[in-house]
Amino acid sequence: MADKKWQEVGYPARLEERLPDDVVRCHLSPRNCRIRPGQHGFCMVRANRDGRLVSLNYGRSVHATEETIETEAVFHYEPGARILSMGNIGCMLNCDYCHNWKTSQARYVEDKDVYYYTPEQVVDIAKRHNISVISWTYNDPVVWHEFVVETAALAKEAGIVNLYKSAFFISEEAIDELIPVIDIFSVSIKSIDPKYYRKITKGWLEPVLDGTAKVYQAGKHVEVSTLMVTDLSDNEKTAHDIGAFVLDRLGPEVPTHYVRFHPDYKMTNTIRTPIDRLEAARRVGLDMGLRHVYLGNVYDTESTNTRCHSCGELQITRYGLNANILAVNEQGKCTKCGADANIKRIPGGVATQSTVAELPAAADLETATFDWYGDVRALHVQIRNDGTETQRIYHRRNRGTGGTPWTVLELQPKESYRFIAAKSSLDERGVAVAVPPTCTSSLHQVFDRAHFPTTEADSGSLNADVTPLPLFEARG
Ligand code: SF4
């Protein structure tokens, strides 16, 4: 039996209703689970301990990971910004195709997969690495509400933007607690068909739509994405119904993403969404009057770029999870015609990372390389400094024309850091990472965006999992 000590300590939960006989009701998600002493709710991470509702995942997380804001289906808020992604354990839904089922379904989570953070540590990581946005993401942030609310408030005080990437099956009371601290909501709406929600997600539709409209009306930056599941929802009707919701209850400027699916979890007996169906969905959205319609998890297509909705100027090019701003000024306006690009910029911009042209000759560095292949075009690189002094590690892209400059990353003694390296151009062959002897590193293949790979090297496949395994450990 795998160790599951992470569940042992409960943290006082918000949105608790106390009922007779030490029963509690949870008001965090629309399920409103009624929980008897010693039992837990549907999400498996909120429980009744001695007649009180507790959170079992407060500060218990997957590894904090530096990514780009495009990873979160956010294309219109400081494009290309580095973000610190924080994911946790559990979910208030159980979608048949979940890409993060190893963390969203708490029964699969073992102690070896769990990292512990305090709110102060999360903010400290973001500040030390000059990251302007914290993203609450992966499995689903709804189910570690207490940790999100407390940490996001601390981050906001430090001038950091908070992004909430969620399926948004959440109660109105919980949304009221998020609105003061969250700046960006990236909402994954699975379908507009109530039957689809009941059958595929085990949740229901109305709270998702109402919640999305509520945060939009509160003036938050909202983007909507829909996973176009092969032969299930990758059709023009889904594209139309999602577009109609955005136009009716949000606004035409709200970016709308139709996202490519890959087989996973209980839905492995199928194929990735055909690209022509995605392109057809995008045309439906544009023809309806949506200003910004994108495809997700696709490469080598115009359908990830941004053009001015007024003059047609190419404003932002994207390749995978990377963005290049061409024609949007610091006020978020088109540099050609002056129209509002519907793009929010972070005042003062975001910090760039320091680079060097060559690796320092005196450093005793070991270099690992990884070449992109097939559908694997992104990696998580995890590095730990086991030494007693601050260490510098280096990483760069290998192109057909040679390597780009090395990006420098400083790690404090005993610090463990994880970041994404994602293919950024057609001619990019792969990435290289150079680490000093006191550091250990591992590479984990990422399959599509907002996927957090957990599998350890040598552990093999847990069951019918099709997510890629770590390829190798650069150092043991
Ligand atoms: S968050 Fe939702 S699923 Fe979890 S205990 Fe509360 S009401 Fe139930």
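Applying 1/(1 + (r/R0)^6) with r as the Cβ-Cβ distance of Arg107 and Ala363 and R0 = 51 angstrom yields a FRET efficiency of 0.70. For region 5-55, the solvent-accessible area with a 1.4 angstrom probe is 54 square angstrom per residue. For region 355-459, the mean projected area of the C-alpha convex hull, equal to one quarter of the hull surface, is 7.3 nm².
So the label point goes 7 Å from the Cα of Asp340 along Cα→C-beta, right? Which residues of region 197-225 then have their backbone N under 19 Å from it? It comes to 213-224, nothing else.
The packing ranking of peptides 294-306, 250-262, 111-123, 74-86, highest mean first, is 74-86, 250-262, 294-306, 111-123, where packing means the average number of other beta carbon atoms within 10 angstrom of each residue.
At 222 nm, what helix-only mean residue ellipticity would the chain give, in deg cm²/dmol to the nearest 500, using -39500 (n - 2.57) for each DSSP H run of four or more?
Per the formula, -4500 deg cm²/dmol.
For region 326-361, backbone nitrogen atoms closer than 18 Å to the point 7 Å from Cys311 Cα along Cα-to-C-beta are found at 326-343. Accessible surface comparison of Glu17, Glu389, Glu428, probe 1.4 Å, protein chains only, largest first: the order is Glu389, Glu17, Glu428.
Across region 88-113, the residues whose backbone nitrogen lies under 16 Å from the label position 7 Å along the beta-carbon direction of Asp193 are 96-97. Got a number for carbon plus sulfur as a percent of the chain's accessible area, 1.4 Å probe? Of all accessible area on the chain, carbon and sulfur atoms account for 48 percent.
Restricting the count to DSSP beta bridges whose residues both fall in region 60-325, what percent are antiparallel, rounded to a multiple of 5? Percentage antiparallel, nearest 5: 35.
Length gained on full extension, Asn130 to Ser354, computed as 0.36 nm times the residue gap minus the Cα-Cα distance: 79.5 nm.
Please state, as a whole number in µm²/s, the translational diffusion coefficient that the Stokes-Einstein equation yields for region 1-134 at 4 °C and 1.567 mPa s, with Rh defined as the Kirkwood radius across alpha carbon pairs. Translational D for this selection: 79 µm²/s. Among beta bridges from DSSP that stay inside the chain, the antiparallel ones total about 70%. The per residue volume of the convex hull around the alpha-carbon atoms of region 60-325 is 124 Å³. If you wrap the tightest convex hull around every Cα atom of the chain and split its volume per residue, you get 145 Å³. With only Cα atoms counted, region 111-216 has Rg and Dmax values of 15.0, 46 Å. Which log10 I(q)/I(0) values does region 1-71 give at q = 0.23 Å⁻¹ under the Debye formula, counting every alpha carbon as one identical point scatterer? Scattering profile of region 1-71, log10 relative to I(0): -0.94.
The values are calculated or read from the model by the stated rules, or taken from the named source; none is laboratory data. Please read these numbers as outputs of a predicted model, since none were measured by experiment. Cβ atoms come from the backbone with ideal geometry, glycine included; neighbour counts cover every protein chain shown. All accessible areas refer to the heavy atoms of the entire protein, side chains included, with ligands and DNA or RNA removed. Shrake-Rupley method; radii C 1.70, N 1.55, O 1.52, S 1.80 Å.
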